[in-house]
Amino acid sequence: QVQLVESGGGLVQARGSLRLSCAASGSIFSINSMGWYRQAPGKQRELVATITSGGTTRYADSVKGRFTVSRDNAKNTLYLQMNSLKPEDTAVYFCNAQLVLVVRGPSYLYWGQGTQVTVSS
């Protein structure tokens, strides 16, 4: 069974740090782009950061300079280092990934179940 599992969320004080992980498991041939999204209560899900298989990154303006996205291709794992956290960063954080399951096959978008990040003031 192919799945993405996030970990690393929790409660942290403002100006603190957290590191999220997202591990892809199952029968996977390769992984294209991966990304982090978040959804705060009453709001739409929004992009936080993405990273291509070659390491090109993109960030939402609200997190630039504070968050860093990275990936370990050997471990099929995505990371999000979050520094200088603010109360407005409070949300459920989701990872996604474009997974190729067989050689020369199409890619499919998978989502993790989400992990809660709460930043107290």
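What single numbered condition from (1) touching a strand residue (DSSP E or B) at 6+ places or on another chain (Cβ under 6 Å); (2) open to solvent by 40 Å² or more (accessible area, probe 1.4 Å); (3) under 20 Å from Arg15 (Cβ atoms) fails to hold for Ser62?
Answer for Ser62: the failing condition is (1).
Only residues in the range 91-106 that are farther than 18 Å from Gly26 by Cα count as the first member; pair them with residues that are among the aliphatic types (A, V, I, L, M) and in a loop (DSSP other than H, G, I, E, B), Cβ under 7 angstrom, at least 6 apart or cross-chain, and list the lot.
Ala91/Ala40
Answer yes or no: is there a residue in the range 3-13 that is out of contact with any helix residue (DSSP H, G or I) (no Cβ under 9 Å at 6 or more places or on another chain), more than 14 Å from Tyr110 (Cβ to Cβ) and assigned to a loop (DSSP other than H, G, I, E, B).
The answer is yes, given that some residue of the range 3-13 is out of contact with any helix residue (DSSP H, G or I) (no Cβ under 9 Å at 6 or more places or on another chain), more than 14 Å from Tyr110 (Cβ to Cβ) and assigned to a loop (DSSP other than H, G, I, E, B).
Filter the range 62-76 down to residues that are free of Cβ contacts under 8 Å to residues at least 12 places away in the same chain and over 21 Å from Asp89 (Cβ atoms), then give me how many there are.
2
The rows are residues; the columns are (1) within 15 Å of the chain's Cα centre (by Cα); (2) open to solvent by 40 Å² or more (accessible area, probe 1.4 Å); (3) under 25 Å from Thr118 (Cβ atoms).
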residue: Gln1; (1), (2), (3): no, yes, no
residue: Gly8; (1), (2), (3): yes, no, yes
residue: Gly26; (1), (2), (3): no, yes, no
residue: Phe29; (1), (2), (3): no, yes, no
residue: Met34; (1), (2), (3): yes, no, yes
residue: Lys43; (1), (2), (3): no, yes, yes
residue: Ala74; (1), (2), (3): no, yes, no
residue: Thr77; (1), (2), (3): yes, no, yes
residue: Asp89; (1), (2), (3): yes, no, yes
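Which residues, taken from the range 91-118, are open to solvent by 10 Å² or more (accessible area, probe 1.4 Å), farther than 12 Å from Trp36 by Cβ and either assigned to a strand (DSSP E or B) or hydroxyl-bearing (Ser, Thr, Tyr) (or both)?
Of everything in the range 91-118, those that are open to solvent by 10 Å² or more (accessible area, probe 1.4 Å), farther than 12 Å from Trp36 by Cβ and either assigned to a strand (DSSP E or B) or hydroxyl-bearing (Ser, Thr, Tyr) (or both) turn out to be Gln98, Val100, Ser107, Tyr108, Leu109, Tyr110, Gln116, Thr118.
Does the range 55-71 contain any residue that is on the phi > 0 side of the Ramachandran plot and part of a strand (DSSP E or B)?
No, the conditions are met nowhere in the range 55-71.
Is it the case that Leu85 is modelled with pLDDT of 95 or more, outside any loop (DSSP other than H, G, I, E, B), aliphatic (A, V, I, L, M) and crowded, with 21+ Cβ neighbours inside 10 Å?
When the stated conditions are applied, Leu85 does not pass them.
The values are calculated or read from the model by the stated rules, or taken from the named source; none is laboratory data. Since the structure is predicted, the reported quantities are computational estimates derived from the model, not experimental observations. When we count neighbours, we look across all protein chains shown, and the Cβ atoms used for this are built from the backbone with ideal geometry, even at glycine. Only protein heavy atoms, including side chains, enter the accessible area calculation; ligands, DNA and RNA are left aside. Shrake-Rupley method; radii C 1.70, N 1.55, O 1.52, S 1.80 Å.
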